[in-house]
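Asks: Questions regarding the structure given below will be posed in turn.
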Amino acid sequence: MQPLAKQVLEHAAGLPEGTPLVAKELVHLGKRAAVDQALSRLTQRGALMRAGRGIYVQPVASRFGSRAPSTSKLVEGVARQTGETIVSHGAAAANVLGLTTQVPVRAIYLSSGPNRRLTLGAQTVELRHAPMWQLILPGRAAGDVVRALVWLGPERAGDALGTLRAKLSPTEMQELASARARLPAWLAQAVGALVSQD
């Protein structure tokens, strides 16, 4: 193995699972063209996986062989690296909150960055640009409520309020109430109806 390729692998091994590798962050190891070539060769050998244009990840070794990193770990890594806000799609949020029994087949996330697709083995991860109000309260149940209600839409949002009322803590209700001013009118009304009753 070439010394540069070995350095790239050692660098990748020190990163958390799913952390994306991009050439411009590896130029401390060598010239950009050499780093690009090392990444390409490592991918051909199976030591790295190409997740998207210029984005690579290290496969995870397990007792059954190597596998792709988890989707959530890759998304967390992309968010850390780019500084974007990335949250689960409303369909996934609705499923987690018990508002639907449908399990999303595709991995879709909402992002403050551009639309793009990443590939993890056979799975495609879609990042969709969304307005900032849909990205509020990332990583919080109150934020998932907003995204779930958006996915349900104005017609079905009212039916979900009873289920949500039973699932949210007083603190989460307070967080949700504090976010009302940033939401569209129909959603602010639904949130108002949710938090106004005990």
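Asks: How much length, in nm to one decimal, is gained on full extension between GLU25 and GLN44, taken as 0.36 nm per residue of separation minus their Cα-Cα distance?
Replies: Contour length minus Cα-Cα distance gives 4.8 nm.
Asks: With only Lys, Arg, Asp and Glu charged, each at its Cβ (+1 for the first two, -1 for the last two), find how big the charge dipole of the chain is about the Cα centre; round to the nearest 20 debye.
Replies: Computed about the Cα centre, the dipole is about 780 debye.
Asks: When the convex hull of the C-alpha atoms of the range 71-196 is computed, what volume per residue in Å³ does it have?
Replies: Hull volume normalised by residue count: 104 Å³.
Asks: Can you check what the Kirkwood hydrodynamic radius comes to for the range 3-67, Cα pairs only, in Å to one decimal?
Replies: Computed over the range 3-67, the radius equals 11.8 Å.
Asks: Kindly point out which whole DSSP H helices in the chain project their C-alpha atoms 30 angstrom or further along the helix axis while averaging a Kyte-Doolittle hydropathy of 1.0 or above.
Replies: Helices meeting the span and hydropathy rule in the chain: none at all.
Bear in mind these aren't lab numbers, they're just calculated from the coordinates by the rules spelled out. These numbers come from a predicted model, not from an experiment. When we count neighbours, we look across all protein chains shown, and the Cβ atoms used for this are built from the backbone with ideal geometry, even at glycine.
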